[in-house]
Amino acid sequence: MRWRTAARRGPRRGGGRLVTYGLIAAVFLVLLLLRTPLFIALGAASAMCFSLIKPEPFSGLMAQQMYFITEKGELLAIPFFVLAASLMTHGKSAKRVTEFVGAAVRWLPGGLALATIVSCVLFAAMCGLTPTAVVAVGALMLPGLVGAGYPERFSLGLVTSSGSLGILVPPSLVALVFVVVATSSVQGYNQAAQEVAVMRMQEQAARAAENAAARDAEQQDPAAEFMPAWAADVHEDLETPEAAQTSKEQQPAAPQPPRTEPKTDVNLKNAFVAGVMPVLLIAALFSAYAVITGLRSGARRERFSLPELARSARRGVLALALPALVIAVILTGRMTVIQAAALAAVYAFILEVFLYRAVRLRDLPAVVREAGVMTGMILIILAVTMAFNYYLANELIIIDLTDWIQSHFHSRLGFLIAVNILLLFLGCLMDILSAVFVTVPLLLPAALQLGIDPIHFGVIFLINFEIGYLTPPIGVNLFTAGAVFKKDLVEVSRSVLPYLGLLLAALALVTYFPSISLWLVRALGG
């Protein structure tokens with residue numbers, strides 16, 4: 001960029017620097033394709049950046065970033081939500097929720113399919129992991145769907161696809177991680193933009209000093225003694241505006257922090273609330289398709305039984321109350337998200353250990369260990385991501401990328417369409433948490449500069465990677481369903497095609513109409 005100092009501009013524009021970046025990108029992609037854990041792949045790329053391009057002690061930087069993430073209060077919610085998810089996964093909640101939802105809607109046209117959709121969404125929300133919903137709910141519902149007369153391919157696609165909707169429903173670990181990474185990314189961009197502004201001011205001051213020196217030298221020119229006063233005035237009137245215009249054209253504006261203040265604060269409450277309307281939209285599309293299929297196939301409907309509904313409600317209402325309780329205390333402001341996460345963990349513990357007695361006390365160490373491994377994985381990836389963000393901001397790469405995007409995309413819709421295409425492609429190759437860690441720091445600053453609401457941008461991210469759960473070769477739900485139901489990948493992939501079409505339609509609507517994700521947020525004062 002022309003506004004950089006020569007010392008900083010020189011090495012970054014060299015061919016050797018580009019070759020080094022290409023090597024780093026190649027190493028990162030190869031490690032991902034070899035299924036290397038993300039923190040190793042991203043850590044290796046970050047270490048290469050700091051050792052080959054900007055020599056700094058990477059180990060010290062990592063320790064610094066690990067300390068910084070301890071200052072982010074939102075991260076305290078992660079171990080609580082993960083522990084609650086682990087307890088619910090090992091307990092009886094899936095069966096009880098499925099029984100209650102089935103008793104409530106099985107008498108409707110396509111009722112058993114509707115019960116599958118609702119059960120998968122609720123259980124995925126409770127446990128926070130969509131593959132777990134495929135295993136726990138799908139194993140219960142698939143035989144019943146086929147036995148009731150639904151086509152086998154439709155049934156397989158339904159149980160494989162419905163669980164992916166859970167990442168939009170609170171408490172969503174993916175939404176929580178997005179908020180943490182997004183906040184860090186915006187802070188890094190603002191720091192880089194302020195640095196660029198200071199550099200620009202220094203260059204302008206140096207240029208003004210040079211111009212002043214040139215004018216002094218011109219006044220000392222002996223020929224000036226023979227120039228009439230009126231000629232000097234005309235000379236100044238004619239040349240000064242041109243010089244000012246030329247100088248203005250040659251001095252590009254320094255990047256600034258987002259030109260408009262974000263319309264919605266990037267916090268966990270707003271991120272949770274923003275997912276409610278989109279998930280209802282997608283569930284409605286799935287339900288409409290399920291009802292039409294049930295009517296066409298002549299699937300069997302059951303009679304409504306109030307005693308059965310009351311009995312299943314008594315058995316399942318406590319499990320259903322967990323997501324409802326978390327959402328209620330957050331939306332009403334009774335608790336912070338961290339307090340709500342702690343409440344969810346305590347609630348799940350009491351429910352599964354003492355009331356349902358599905359998790360024995362001697363099983364708790366294994367459950368806690370599983371939750372600890374998951375929490376540690378997320379936190380170490382966050383630490384590596386913070387180090388990578390530091391490099392992007394310190395070397396002003398975020399500024400370069402943002403400027404490039406602004407010069408090629410002059411409308412919000414055009415940019416969002418391009419982002420959707422990119423994320424759909426990445427969803428075929430990366431899991432959702434990996435994609436959030438890698439792409440949010442690069443794309444969110446440009447989105448803010450174009451005036452796109454950050455929470456709306458986050459919902460678009462989540463829907464894209466809901467689709468990624470269902471696309472080969474990395475689609476986690478596809479492999480999970482194939483292993484659980486003994487189906488090959490091609491058969492499972494064909495079964496989800498109609499649902500992919502519905503998800504793409506919902507993605508287009510949410511992208512084009514931001515109010516779908518933001519209306520409830522603003523109605524609640526977010």
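The values are calculated or read from the model by the stated rules, or taken from the named source; none is laboratory data. Source: prediction; values computed, not measured. A quick note on method: Cβ atoms are made from the backbone with ideal geometry, for glycine too, and the neighbour counts reach across all protein chains shown. Heavy atoms of the whole protein, side chains included, go into the accessibility calculation; ligands, DNA and RNA do not. Shrake-Rupley method; radii C 1.70, N 1.55, O 1.52, S 1.80 Å.
Annotations
- Across the range 319-332, the qualifying residues are those that are in a helix (DSSP H, G or I) and free of Cβ contacts under 8 Å to residues at least 40 places away in the same chain, and the one among them that is surrounded by the most Cβ atoms within 10 Å (Cβ to Cβ) is Val329.
- Among (1) open to solvent by 10 Å² or more (accessible area, probe 1.4 Å); (2) modelled with pLDDT of 75 or more; (3) not aliphatic (A, V, I, L, M), the one test that Trp404 misses: (2)
- Per the conditions (1) hydrophobic (A, V, I, L, M, F, W, C); (2) within 30 Å of Leu31 (Cβ to Cβ); (3) part of a helix (DSSP H, G or I), the sole criterion not satisfied by Leu470 is (3).
- Filter pass, Val291 being part of a helix (DSSP H, G or I) and buried (at least 21 other Cβ atoms within 10 Å of the Cβ): no
- Filtered residue count, the range 348-362, keeping only those that are part of a helix (DSSP H, G or I) and open to solvent by less than 50 Å² (accessible area, probe 1.4 Å): 4
- Residue match in the range 505-515 (condition: open to solvent by 10 Å² or more (accessible area, probe 1.4 Å) and in a loop (DSSP other than H, G, I, E, B)): yes
- Those helices (runs of 4 or more DSSP H) lying entirely in the range 31-149 with at least 3 residues small (Gly, Ala, Ser) and at pLDDT below 80: 38-48, 58-69, 130-147
- Screening Leu520, Leu500, Leu444 for residues that are at pLDDT 85 or above and either within 14 Å of the chain's Cα centre (by Cα) or closer than 28 Å to Thr332 by Cα (or both) leaves exactly one candidate, Leu520.
- Positions within the range 333-347 being of a type in the set (A, V, I, L, M, F, W, C) and part of a helix (DSSP H, G or I), in sequence order: Val337, Ile338, Ala340, Ala341, Ala342, Leu343, Ala344, Ala345, Val346
- Residue match in the range 448-467 (condition: out of contact with any strand residue (DSSP E or B) (no Cβ under 9 Å at 6 or more places or on another chain), part of a helix (DSSP H, G or I), modelled with pLDDT under 80 and open to solvent by 10 Å² or more (accessible area, probe 1.4 Å)): no
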